[in-house]
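Worksheet: the structure to be examined is printed underneath.
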Amino acid sequence: MKRIFYLDGQPVPFTSGQNVLEAAIAAGMARQIPYFCYHPALGSLGACRQCAVKIYPHDDKHPPRVTMACLLPASDHLQLATVDQEVHTEHRKIIELLMLNHPLDCPVCDEGGQCHLQDMTVQTGHAVRRYSGPKRTYRDQDLGPLVHQEMNRCITCYRCVRFYQDTAQGDDFGVFGSRDRVYFGRLEDGPLESPFSGNLVEVCPTGVFTDKVFRHDYARVWDLQQGPSVCPHCAVGCNTLPGARLGTLRRVRARHHPEINPHFLCDRGRYGFRYVTAAERPVRARLHGVHSRQDAVLRQVATRLQEGRSGFLGSPREDVQSNLALFALADCLHAPFAALSSPWMEALAQQCMALPQAPTLNDVEMADHLIVLGDLGGVAPMAELAARQALRHGARLTVLASRPTALAEAGDYRPTRPSALPDLVTGLAEDACLQGSRRPVILAAAETLGPAGVHALRKTLARLPANARAGVFQNSPNLFGAAYFAADGHTVRLQHALRQREIDHLLCLAADPLGSDWGAGIWRSLAPGLQGVTVLDMVDTDTVRAAETVLPMAAFPERDGLFINYEGRIQAFAPVYRREAQVPSWQENTRGFPAAAGGQMHPLGPPTPQYWLGRLAELLDIVKPWQERLTFYQRFLCPIAPRPDHPGILLDDALRARFEIAAAPAAAPVGTEDWELDLFRWHGGEALADAAAELQSLAPSRGLRLNADVDASFATLSGPCGRLRLPVLPIVGMVAGVAALDQEGFAQLGLHPGEAVQIQWETVS
């Protein structure tokens, strides 16, 4: 039976547990009830007193009364009114009180055009300020490079502190003062420490917290071109809404996806987009390090390919269609191809693909028992945020990691060496608490767990109750898409062909085999056998700088494509804008009617990867077979591609089943006396986000992290592919005998997490 109440005589449907304001907003009647402190992700507080409605009782014993809609549970046949003089008076008086001390800076406020306070002020009819006394003023704080504060605009809705302390569980931001002197901020100036601090900008209904990065290249929101996209900074696949103006990307905001990111984004996803506008970004074709005409560069690449001595390397950083297009070109030329730069990474992708269906982040929030393997927040911050919501709901948490992570502080931290994780994961099948849980979930950092650990996790899940779920996370957006090619040992064959001098040219798609990709040490040792390297990329990498030919690519907001996230969910993103620049009308090469600002917009954007590969197919006279293969592969992997505004389509189980026979390679033996390596990531570190200067200004110091008992200043690590000298950074509570290193360090040494390393110590007085 449909449950309804009545608002101004109109029926409003509701579900059990909703309050009146929630039901009215869901029914599209939000304009009848103004509000401030309510937020769908934060719930109701009743602090602003703005959402007044009049309730009429069903009997004659009680008179009608004004109450707050956000605190009134919806119930059957409830009679409410907003078209009432007493309610109108309440609305006007509350908004007038809130506006007493508010500065009249709407024309210059960053929030203009998206300000909830503006909307509610107009809605309630408040137009004249009667107060003529001195306004309350505050000193604004410096909250770091991401968030700007204008405290004088505050209306004391408490949304910011409710998000920061309750949802994100940060402890360096709070509320101070009382009465009309309430202040929201930190004890002292300094960057906000939470990896979700940028969400203050979106939850604030006024201009108190605004986007400091957006301020550097500001545009009014009604001038922004916006479109549905998917975050390219990790495997979670959060939905985003990039905004561009005059051919440049200005900001990224969260786009609602009920199962992944209903309302929030991590700071990497919000601020990591600066690779698109970075000065170092490749935007013109290069030949031998010099900008050249596209046709000349394409002819040089085609000549290399015609020699029949080329190999092809894709990337989990690139989308599905681009990897498929590269694979189809390699197939037409009968050339070796790999989508991953390391056999270890290829094995990891196979094991991840073979896992049963992973939980959505919404499922994680509803878990009653969580087991986290490794530093989840450094790899996929939004997965950690979901785990924190489960904790708020009373879930048990166990963290197995080599060092005390931010999440470990909130649960049962069990210090664990990375090499011990596969055995410990196998032992989880005998865990009585896990067996008795109703909704147990295991979450892991894929690279810390390694191929052997993910294989053990799959076997353990088969012995746990059917309600147990597991998800593994990696900071590349398309690991599952790359795993499609990983079943047949492609990487080993490609490296073997280079080692045997069967090929002498490598065409890389968004890969950095000579830089920081996994296995880069091996590729550098093989580099003397290469006579040329061609790179298609959108960021400046070591491989781009060393390449013979560079073909720049459109960034993700500048084109369409597909990503496959950690669940196996295929999601589409759409082109948001075309990269352009304004050329002044007085320049000789300008034609046509000039723009209002005195110039003509000219496209400058690099083409898509498919365009470059199609042009190469034309020059090689293999367009038809290339297109046929590409169409076949696309239909096989994704018969029905989702729309960009669609929540996504899960991979067919038959595709994933072919990976279940994959056997995990044995982990390298590590003695109890050896130093063992673990992977260190921070929440802003990722190949694309590394170009975001504002975000990277918050990056922790680079060094070797190990137990605080070690008395040394520097350490020199030796691996099969090189040596590395780093400062020692002591960590209290870290497992003895384990040293944490970033991915760039692993690439230089030629090692992987869980493997042994030789270390020489230096002490500087």
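The values are calculated or read from the model by the stated rules, or taken from the named source; none is laboratory data. Given the structure is predicted, the values throughout are model-derived calculations rather than measurements. Every residue, glycine among them, receives a Cβ derived from its backbone with ideal geometry; neighbour counts consider all protein chains shown.
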* With a cut-off of at least 3 residues that are under 25 Å from the mean Cα position of the chain (by Cα) and touching a residue at least 60 places away in the same chain (Cβ under 8 Å), name the helices (runs of 4 or more DSSP H) lying wholly within the range 397-503. => 446-463, 479-483
* Structure fact -> Considering the range 313-329, residues that are in contact with a Gly (Cβ under 8 Å, 6 or more places away or on another chain) and in a helix (DSSP H, G or I), and then whichever is nearest to MET553 (Cα to Cα), we arrive at SER322
* To do: Sort out which residues of the range 617-649 are surrounded by 14 or more Cβ atoms within 10 Å (Cβ to Cβ), of a type in the set (A, V, I, L, M, F, W, C) and either more than 30 Å from ASP295 (Cβ to Cβ) or touching a Phe, Trp or Tyr at 6+ places or on another chain (Cβ under 9 Å) (or both), and write them in order of number.
  => ALA617, LEU620, LEU630, LEU637, CYS638, ALA641, ILE649
* Quick one: which of LEU655, LEU604 is within 24 Å of ALA554 (Cα to Cα) and either modelled with pLDDT under 85 or not assigned by TED's automatic domain parsing to the domain that holds CYS231 (or both)? -> LEU604
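Residues checked against (1) outside the structural domain of ASN362 (by TED's automatic domain parsing); (2) surrounded by 19 or more Cβ atoms within 10 Å (Cβ to Cβ):
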| residue | (1), (2) |
| --- | --- |
| HIS455 | no, yes |
| ALA462 | no, no |
| ASP488 | yes, no |
| ASP517 | yes, yes |
| PRO528 | yes, no |
| VAL539 | yes, yes |
| VAL544 | yes, yes |
| ALA554 | yes, yes |
* **PRO103, sole failed condition from (1) more than 38 Å from the chain's Cα centre (by Cα); (2) on the phi < 0 side of the Ramachandran plot** => (1)
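Let's see how each residue does on (1) of a type in the set (A, V, I, L, M); (2) crowded, with 24+ Cβ neighbours inside 10 Å:
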site	(1), (2)
LEU326	yes, yes
HIS334	no, no
GLN351	no, yes
PRO356	no, no
MET366	yes, no
LEU370	yes, yes
GLY374	no, yes
ALA383	yes, yes
ALA387	yes, yes
* Might you check whether a residue that is of a type in the set (Lys, Arg) and either over 17 Å from LEU146 (Cα atoms) or in the same structural domain as LEU551 (by TED's automatic domain parsing) (or both) occurs anywhere in the range 260-271? => no
* To do: Answer yes if at least one residue in the range 382-392 is touching a residue at least 12 places away in the same chain (Cβ under 8 Å), touching a Gly at 6+ places or on another chain (Cβ under 9 Å) and in a strand (DSSP E or B), and no otherwise.
  => no
* To do: Kindly indicate the residue of the range 106-139 that is part of a loop (DSSP other than H, G, I, E, B) and touching a residue at least 60 places away in the same chain (Cβ under 8 Å) and also surrounded by the most Cβ atoms within 10 Å (Cβ to Cβ) among those meeting that condition.
  => GLU111
* Asked: Is there a residue being surrounded by 15 or more Cβ atoms within 10 Å (Cβ to Cβ), in a loop (DSSP other than H, G, I, E, B) and of a type in the set (Lys, Arg) anywhere in the range 43-52?
  -> yes
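Listed here are the residues, each with its yes/no results for (1) closer than 25 Å to ASP709 by Cβ; (2) at pLDDT 95 or above; (3) not assigned by TED's automatic domain parsing to the domain that holds ARG463.
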| residue | (1), (2), (3) |
| --- | --- |
| LEU370 | no, yes, no |
| ALA387 | no, yes, no |
| HIS393 | no, no, no |
| ARG417 | yes, no, no |
| ALA420 | yes, no, no |
| ASP423 | no, no, no |
| GLY427 | no, no, no |
| VAL441 | no, yes, no |
* **Considering residues of the range 53-80 that are of a type in the set (Gly, Ala, Ser) and in contact (Cβ under 8 Å) with a residue 60 or more places away in the chain only, the residue surrounded by the fewest Cβ atoms within 10 Å (Cβ to Cβ)** => SER75
* Asked: Does GLY750 satisfy being under 25 Å from PRO665 (Cα atoms), of a type outside the set (Asp, Glu) and in contact (Cβ under 8 Å) with a residue 60 or more places away in the chain?
  -> yes
* Out of the residues in the range 674-726 that are among the basic types (Lys, Arg) and in contact with a Phe, Trp or Tyr (Cβ under 9 Å, 6 or more places away or on another chain), state the one that is farthest from MET382 (Cα to Cα). => ARG725
* Asked: Which of (1) closer than 25 Å to MET366 by Cβ; (2) surrounded by fewer than 20 Cβ atoms within 10 Å (Cβ to Cβ); (3) modelled with pLDDT of 90 or more does PRO404 not meet, given it meets every other one?
  -> (1)
* Looking only at the range 81-96, which residues are in a helix (DSSP H, G or I) and either among the β-branched types (Val, Ile, Thr) or surrounded by 14 or more Cβ atoms within 10 Å (Cβ to Cβ) (or both)? -> VAL87, HIS88, THR89, GLU90, HIS91, ARG92, LYS93, ILE94, ILE95, GLU96
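Condition check ((1) out of contact with any Ser or Thr (no Cβ under 9 Å at 6 or more places or on another chain); (2) of a type in the set (Gly, Ala, Ser); (3) outside the structural domain of ARG220 (by TED's automatic domain parsing); (4) at pLDDT 95 or above) across all residues:
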residue: GLU111; (1), (2), (3), (4): no, no, yes, no
residue: THR124; (1), (2), (3), (4): yes, no, yes, no
residue: ALA127; (1), (2), (3), (4): no, yes, yes, no
residue: GLN141; (1), (2), (3), (4): yes, no, no, yes
residue: GLY144; (1), (2), (3), (4): no, yes, no, yes
residue: ILE155; (1), (2), (3), (4): no, no, no, no
residue: ARG159; (1), (2), (3), (4): yes, no, no, yes
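Residues are listed down the side, and each one gets a yes or a no for (1) farther than 28 Å from GLY17 by Cβ; (2) in contact with a strand residue (DSSP E or B) (Cβ under 8 Å, 6 or more places away or on another chain); (3) not hydroxyl-bearing (Ser, Thr, Tyr):
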{"residue": "VAL66", "(1), (2), (3)": "no, yes, yes"}
{"residue": "ALA81", "(1), (2), (3)": "no, yes, yes"}
{"residue": "ILE94", "(1), (2), (3)": "no, yes, yes"}
{"residue": "VAL108", "(1), (2), (3)": "yes, no, yes"}
{"residue": "HIS116", "(1), (2), (3)": "no, no, yes"}
{"residue": "HIS126", "(1), (2), (3)": "yes, no, yes"}
{"residue": "ARG130", "(1), (2), (3)": "yes, no, yes"}
{"residue": "GLY133", "(1), (2), (3)": "yes, no, yes"}
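Residue-wise test of (1) over 22 Å from the mean Cα position of the chain (by Cα); (2) farther than 30 Å from LEU249 by Cβ; (3) assigned by TED's automatic domain parsing to the domain that holds ILE564.
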| position | (1), (2), (3) |
| --- | --- |
| PHE312 | yes, no, yes |
| PRO316 | no, no, yes |
| ASP319 | no, no, yes |
| MET366 | no, yes, no |
| LEU373 | no, yes, no |
* Sole residue being at negative phi and in contact with a helix residue (DSSP H, G or I) (Cβ under 7 Å, 6 or more places away or on another chain), chosen from THR398, THR416 -> THR416
